[in-house]
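Since every read-out is calculated from the coordinates, none of them should be taken as a lab result. Quick caveat, the model's predicted, so the values are computed rather than measured. Cβ sites come from the backbone with ideal geometry, for glycine too, and all protein chains shown count toward neighbours.
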Amino acid sequence: MAFQCSTVVCETVDLRDDFLELFGGDRAHAEAGYKTLRAKLKLFFRHRLATDPEGLTDEVIFRVIRRLAEGATAPNLAAFCFGVASNVLREAHRRREPVELESVRESGPPPSPHQLTAQETAILLQECLSALSPADRSVLTEYYTGDRAALADKLGVTPNALRLMVFRAKQRIDEMLETRQLGEPIIGTSPPRPEQ
């Protein structure tokens, strides 16, 4: 399989061999390193909600090749590429069309099929809490109404482990609420806990 840097980059800049040498090793190793770096760059842009991760990745590769041709040094190629990627992302955000605040205000929140009243919300939350295991219910109520450090000591866990327990219990409630929104009744038992 032939190496393809990017059609735009490799056709306009004839430095692909110099670029591949930065990955070290033989040609196959260099191509694998390039593909991995390219995939990580695309993921970098996707996680930051860029509108065109593929195009921005091409731009990063192009700029890196150009900078290396101008004499820049990159002892750590990945770090150098991600530094360039940060600048490219910042420029892309500046180029975006601004959104009129008034249009956002006028559009309002997305329509909901059924807005719950405060009383309905309280009833639904009570149903979810009663569907939890007694241990989860106790941890949640004590976590939000009492001393968290004392609760962690009482359970014999670290504060971080306690936060994780609360997070997982809240996830189970979210799953129950999601199930309820789909029109299915909440079952009286909580989903099984994953083994740790």
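Farthest toward the positive end of the dipole of segment 7-95, out of Thr51, Phe23, Leu68, is the Cα of Thr51, where the dipole comes from beta carbon charges about the Cα centre. If you plug the beta carbon distance of His93 and Arg137 into 1/(1 + (r/R0)^6) with R0 = 45 Å, you get a FRET efficiency near 0.55. Taking R0 as 25 Å, what's the FRET efficiency between Asp153 and Ile123 from their Cβ-Cβ distance, rounded to 0.05? For R0 = 25 Å, the calculated efficiency reads 0.15. Peptides 27-37, 146-156 ranked from most to least packed by the mean count of surrounding Cβ atoms within 10 Å: 27-37, 146-156. Each label point was placed 7 Å from the Cα along the Cα-to-Cβ direction; for Lys40 and Ala161 their separation is 3.4 nm.
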